[in-house]
Amino acid sequence: MEEQLFNEIRNHFCQRDSQINIGKMMSSEAITYRGKVFAFFSRKKKMVFKLGKDFDPDEYGLDITVFNPFTKRQPLYSWFEVPFSEKEQWEPLAQKALNQLKSEL
């Protein structure tokens, strides 16, 4: 279910813009814009978004946490993971991550 929803979201984004493509991030399926990843599906079956260091997850009142795939390293402070229980936010957050990436390029 989780991966199917991710694939639907990825396909939707890829169909809208020729510069959005399928990619990889840490061996996981990802969505890229101009070759740069802005969202991916983690091994924990969560969707992960690059929302920037200034993103405040508390503003949303959702179960959003800083992505930390490492045991002995700092978390990736620009990246945030969102569980399937918040699936209705996956596509809007993917759009927010895409907008963030576009503003950086």
Only Lys, Arg, Asp and Glu count, each charged at its Cβ (+1, +1, -1, -1), so figure out the dipole size of region 2-104 about its Cα centre, rounded to 20 debye.
-> 580 debye
In a shell of Cβ-Cβ distance under 12 Å around GLU86, excluding GLU86 itself, what net charge do Lys and Arg (+1) and Asp and Glu (-1) give?
-> -3
Do the sum for the chain: with -39,500 (n - 2.57) for every DSSP H run of n ≥ 4, divided by all residues, what is the mean residue ellipticity at 222 nm, to the nearest 500 deg cm²/dmol?
-> -9500 deg cm²/dmol
Return ILE31, ILE64 ranked ascending by Cβ neighbour count within 10 Å, so the fewest neighbours appear first.
-> ILE64, ILE31
Label assignment, mean projected area of the Cα convex hull in nm² derived from the structure, set [x] 6.5; [y] 7.7; [z] 7.3 | [x]
Pick out, in residue order, every one of the trypsin sites (Lys or Arg not before Pro) in region 8-95 that is DSSP loop and has at most 16 other C-beta atoms within 10 Å; say none if there are none.
-> ARG34, ARG43, LYS44, LYS45, LYS53, LYS72, ARG73
Regarding region 1-43, what whole-number volume in Å³ per residue does the convex hull of its Cα atoms give?
-> 52 Å³
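No lab work stands behind these numbers, since they all come straight from the coordinates. All values derive from a computational prediction rather than experimental measurement. Cβ coordinates were reconstructed from backbone atoms using ideal geometry, including for glycine residues, and neighbour counts include every protein chain displayed.
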